[in-house]
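Just so it is clear, none of the values below were taken in a lab; they were calculated from the coordinates. What you see is a predicted model, and the numbers here were worked out from it, not measured in a lab. Note: ideal-geometry Cβ built from the backbone for every residue, glycine included; neighbour counts use all protein chains shown.
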Amino acid sequence: MGTDIQERARKILTGSEGAKAVSEGIFILPAQGNGLAVETGDGVVLVDSGPGGKATARMIDALRDFTNLPVQAICYSHGHLGYNEGAALWLQHNEGRSEPAPQLIAHENCLRRYRRYRETLGLQRTLASMQFPGTRLSFKMFDPTLTFSTRLSLPSKTRRIELIWVPSETDDTIAMWLPDDGVLYAGAAFPGTTIPNIGTPLRTQRFTMRWAESCELMAGLGAARLIQEFGPIIDDPLEIHDRLMHTAATLRWFRREVVERMNRGMSEHEILADMHYDEAMLDRPYLKARYGAPEYIVRDLFREETGWWDRNPTTLNPAAPSAAAAAVRAAIADPEAVLREAETLRDRGEVQLALHVIDLLALSDADDDITRRARTIKAQLCRLRAQQVRPYVSKALFETSALLLERGATSWTSVAKDGAK
């Protein structure tokens, strides 16, 4: 099962184009997603260095199939780990060719992000083990040597090259705009294969309206060719404008719908249950719930305007999880009835309801037959639920949670300890 999750992760993070010449002096490289290489006359500017190892080695080989010009700069599309862990190999590549080291260029917020990642390295390892089990992140960060705030023009003899801040998936996301060529590289601001992954379960907020505004900004450039982070190249200017503006309009629709319900006093879970999604609006290849999901966006919008309380007074000042679970367990007169009800719901296909029921027993720290059986049932339910949900992240979290339960654990602290060794 772990191999299945890893294969899904590999597919979800692979660009559609591989190595490809877009036009004279513009090449797509197989990075994490679609990387980019642009000739300047004197050299080459890259967008992203790849995750390192064999993947970055393939990027280097692909570039050298296209051009022998030196790499002058590597621009970080955004600061998520995996996209630029391969910078060291590019530095070594230049050194081996007796060429100066390339500049590492990023938005100024990338420096803050890297400081935060270094401070929370244990957390980052735990999150990676949940979302991308079996993947090997080096957690090596190479600080940019040049940063900018809003726009940056790069020196080039043959074409204008502009970097534009387009906060979206992260607050340090940038796009590359080649006005002379009419080419827009949108990077993480427009994945191309999934609805914007706003509100993804393990990450900080993505701010829906900020992402919408970035899509509108990019639409206003009038690009004739759009290179998406993971999706195929779009060559129709009208289609490019429609994709960007339709995405922005969709995000603004989410905002209106969630705010209207918040204004009626509804809680997060009440809003989630009450939402009705316009299938016609979402029925486009770049708005599929493949990595992001409509429900994620709803939750992120709710978090933007409210605090952490879920409106249940029990959670205001909670007891320790183990104490609460023990008290619930002690109050259950017939634990076998709980197991039977969970199994009945499972057999009827009501897997989510079965999860709610089994938690009455499965969260206990007790080491007895009832608790072990409850955890076994919960692991089964997690695997079934993984088959029912749409986005990769939810599938991964259900499956890695099942793996945790099968190890006899209920807390990810055990994984964090293993990762720290």
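Dividing the summed helix terms, -39500 (n - 2.57) for each DSSP H run of n ≥ 4, by the number of residues in the chain produces a 222 nm estimate of -14500 deg cm²/dmol to the nearest 500.
Springs join every pair of Cα atoms under 10 Å in this Gaussian network model of the chain, and among 365, 180, 172 the largest mean-square fluctuation is at 180. For the range 264-402, the percent of C-alpha pairs falling in each 5 Å distance bin, counted from 0 to the bin holding the largest distance, reads 2, 9, 14, 16, 18, 19, 13, 7, 3, 1, 0.
Between 0 and 90 degrees, the angle of helix 237-262 with respect to the longest Cα principal axis of the chain falls at about 30 degrees. At q = 0.13, 0.18 Å⁻¹, what is the log10 ratio I(q)/I(0) for the range 2-189, with the Debye formula run over Cα points and no solvent? For the requested q values the scattering log ratios are -0.64, -1.26.
Under a model in which nothing but the beta-carbon of Lys, Arg (+1) and Asp, Glu (-1) is charged, the range 333-405 shows a dipole of about 500 debye around its Cα centre.
Between 0 and 90 degrees, the angle of helix 109-119 with respect to the longest Cα principal axis of the chain falls at about 40 degrees. Checking every one of the trypsin sites (Lys or Arg not before Pro) in the range 1-109 against DSSP loop status and a limit of 15 other Cβ atoms within 10 Å picks out 97.
Phi angles of the range 213-225 translate, via the Karplus equation with coefficients 6.51, -1.76, 1.60 and θ = phi - 60°, into HN-Hα couplings of 5, 5, 4, 5, 4, 5, 4, x, 6, x, 5, 8, 9 Hz per residue; Gly and Pro are given as x.
Between 57, 320, 21, the residue with the greatest mean-square fluctuation in the GNM of the chain (Cα pairs under 10 Å linked by springs) is 320.
Among 130, 281, the ranking by other beta carbons within 10 Å of each residue's beta carbon, starting with the fewest, stands as 281, 130.
Our note on the geometry: Cα centres of the range 308-381 and the range 33-56, 50 Å apart.
DSSP finds beta bridges in the chain, and of those with both partners inside it, around 60 percent are antiparallel. Per residue, the convex hull spanned by the Cα atoms of the chain measures out at 150 cubic angstrom. Taking the fewest neighbouring Cβ atoms within 10 Å as the starting point, the ordered list for 276, 78, 246, 269 is 276, 269, 246, 78.
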